[in-house]
2 protein chains.
Amino acid sequence: MSASHWINGVSSNELDPAERALQYGDGVFETLCVRHGSVAYLHRHWQRLRAGCERLQLHFAEWDGLTAEVHRLASELDDGVIKVIVGRGAGGRGYRYAANAPCTRIVSAHPPAQWPAEHASVGVRLRLCRLRLGVQPALAGIKHLNRLEQVLARAEWENEYAEGLLLDCHEQLIEGTMSNLFIVRDGQLLTPRLDDCGVAGILRSVLIDIAREQGVEVRRSRLELPDFESAQEVFVCNSVVGIWPVREIDGRYRFASRKVTQNLQQALARRQETEGIWYEE
Amino acid sequence: MSASHWINGVSSNELDPAERALQYGDGVFETLCVRHGSVAYLHRHWQRLRAGCERLQLHFAEWDGLTAEVHRLASELDDGVIKVIVGRGAGGRGYRYAANAPCTRIVSAHPPAQWPAEHASVGVRLRLCRLRLGVQPALAGIKHLNRLEQVLARAEWENEYAEGLLLDCHEQLIEGTMSNLFIVRDGQLLTPRLDDCGVAGILRSVLIDIAREQGVEVRRSRLELPDFESAQEVFVCNSVVGIWPVREIDGRYRFASRKVTQNLQQALARRQETEGIWYEE
């Protein structure tokens, strides 16, 4: 199944090349996980999309149309992934944008992501990427369309790792190329602060809530490579793949335990069964 | 006149939304100045485009087709601007790219840029932007499509300044939002090093060559705001607008002299008259 696209509510594979999302990466996106015809955590995705629009001063107004489209597509797709892009809209040459130009929304449907089931059960090997993320607080946390750092980092390996970890230019641990990072230390959950760079993942926020409900302390911290030495468990996560326990990082760090990680996987699975919580919030 | 687009050599306003230049800003671009039907400094633009393709591992092969298109368009346009985008091509979901997928080239024609003639004669006022550029050596120098920093910086003012100056997160002077920066100090020309961020402009490289031919010493330096205090002249430049002397920076620095800057403007104008040099190199 190849992707099909809806541009501003119309089925179309014809985008105006003057779109600023193409010209400058001037926009934001979300990647939605669809299971049994429902979109997981749609409310949280829309919260982040709104935050991204505010940060970039994108005046996107078609929330009802977008939401209806996503629900209709999810029901047709049943299982898979929906990607939503909100771009600044078509514009002339030059970085300056017109304050009131209408945004462009592009929605596409994709087949389910194909990953070995062992990634979630047995765990994965991670690469430590050579590339360092630049520090840019003005863009940190939101899911904007300037993703060359992730493209370059992902090109550092073929299939020998399941994911690559990224540090920033100050050697702070930040995230995976497509996932967020958690460390378990002495029963506590630690995840990197994302004030300087990185994407604040939806499943990251869900897991922080679940862990706290279970009485597990969670801290957003400054983390560096030596923090892996004092960690009992490490995992990465995103909305589409769920939680992957980490067995090994680049031959340098190994983690035998998965106890806390498995508890979270099970708690997450229980939420999936009670759709009202998982899908609507 | 609105823009018209050629996608892979075909007149079209219909871009495949799966294009990675849209999805991730995965590509590079050039902005070409066209006068009397000829493209200025095309050879240098292609050099930078090639360098960008190499840096991003974009395997663009259609140089002959692209060059023929640009010459044909330039001749039709007579005076104006041609923008060229080379994108990674249509791809599936995910940051990983197929090694041998064909790139997409998008060429568009635009009317001449409209700037007051006084910008070049009397000089301009610059803003000091609040936004700081992130440091990313992997992307520094090339003209890639991740331009949200420039979009955000340009949104800091309306028309009260001609251009905005950008510092990086270490308070180093880098460039304007759409131009490069030069400082004249004691007869010497200084321009910021672009190892960490910034775009290595075509006119910047031309002016470095012209100045050296005239016996003026040019240095790529680490520059900071206090360097404006010891400067006699400041100017910004790009391929489309040429050279703009700077009269004032954000009410903090003023420059009465334009002697060296005017010499360079005149040398540049003389090159324009001898088209063989200016347009072909």
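Assorted remarks:
- Residue check: A:Asp250 meets all listed conditions (1) out of contact with any helix residue (DSSP H, G or I) (no Cβ under 8 Å at 6 or more places or on another chain); (2) open to solvent by less than 40 Å² (accessible area, probe 1.4 Å) but one, namely (2).
- Here the condition is being over 14 Å from A:Gly141 (Cβ atoms), in the same structural domain as A:Gly87 (by TED's automatic domain parsing) and buried (at least 16 other Cβ atoms within 10 Å of the Cβ); of A:Gln23, A:Gln57, it holds for A:Gln23 alone.
Okay, residues lined up against (1) over 30 Å from B:Asn159 (Cβ atoms); (2) within 14 Å of another protein chain (Cβ to nearest Cβ):
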{"residue": "B:His45", "(1), (2)": "no, no"}
{"residue": "B:Ala51", "(1), (2)": "yes, no"}
{"residue": "B:Lys83", "(1), (2)": "no, yes"}
{"residue": "B:Pro116", "(1), (2)": "no, no"}
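- Residues that are open to solvent by 40 Å² or more (accessible area, probe 1.4 Å), away from chain B (no Cβ under 14 Å) and under 21 Å from the mean Cα position of the chain (by Cα) do occur in segment A:193-205.
- Which numbered condition A:Ala153 fails, given (1) farther than 20 Å from B:Asp26 by Cα; (2) not in a loop (DSSP other than H, G, I, E, B): (1)
- Selection within segment B:181-204 - within 21 Å of B:Ala231 (Cα to Cα) and touching a Leu at 6+ places or on another chain (Cβ under 7 Å): B:Leu181, B:Phe182, B:Ile183, B:Leu190, B:Thr191, B:Pro192
- Only one of the numbered conditions (1) at pLDDT below 95; (2) among the small types (Gly, Ala, Ser); (3) within 21 Å of the chain's Cα centre (by Cα) is violated by B:Gly92, and that is (3).
- Top-ranked residue of segment A:69-84 - restricted to ones that are part of a strand (DSSP E or B) and among the hydrophobic types (A, V, I, L, M, F, W, C), ranked as nearest to A:Gly242 (Cα to Cα): A:Val81
- Members of segment B:94-118 found to be buried (at least 18 other Cβ atoms within 10 Å of the Cβ) and of a type in the set (A, V, I, L, M, F, W, C), listed by number: B:Cys103, B:Ile106, B:Val107, B:Ala109
- Selection within segment A:148-164 - open to solvent by 40 Å² or more (accessible area, probe 1.4 Å) and either touching a residue at least 24 places away in the same chain (Cβ under 8 Å) or among the aliphatic types (A, V, I, L, M) (or both): A:Ala155, A:Glu160
- If you filter segment B:156-180 down to residues that are within 10 Å of chain A (Cβ to nearest Cβ) and either among the acidic types (Asp, Glu) or touching a helix residue (DSSP H, G or I) at 6+ places or on another chain (Cβ under 6 Å) (or both), you find that the one that is nearest to B:Thr31 (Cα to Cα) is B:Thr177.
- Conditions (1) modelled with pLDDT under 95; (2) aliphatic (A, V, I, L, M); (3) under 21 Å from the mean Cα position of the chain (by Cα); number of the one not met by A:Met1: (3)
- Residue in segment A:9-22 that is aliphatic (A, V, I, L, M), within 13 Å of chain B (Cβ to nearest Cβ) and in a loop (DSSP other than H, G, I, E, B) present: yes
- Segment A:214-229, residues that are open to solvent by 50 Å² or more (accessible area, probe 1.4 Å), more than 29 Å from A:Ala138 (Cβ to Cβ) and touching a residue at least 12 places away in the same chain (Cβ under 8 Å): A:Gln214, A:Glu217, A:Glu229
The values are calculated or read from the model by the stated rules, or taken from the named source; none is laboratory data. Keep in mind that this is a model prediction, so the values were computed, not measured. All Cβ positions, even for glycine, are placed from backbone atoms using ideal geometry, and neighbour counts span all protein chains on display. Surface accessibility is based on the protein's heavy atoms, side chains included, excluding ligands, DNA and RNA. Shrake-Rupley method; radii C 1.70, N 1.55, O 1.52, S 1.80 Å.
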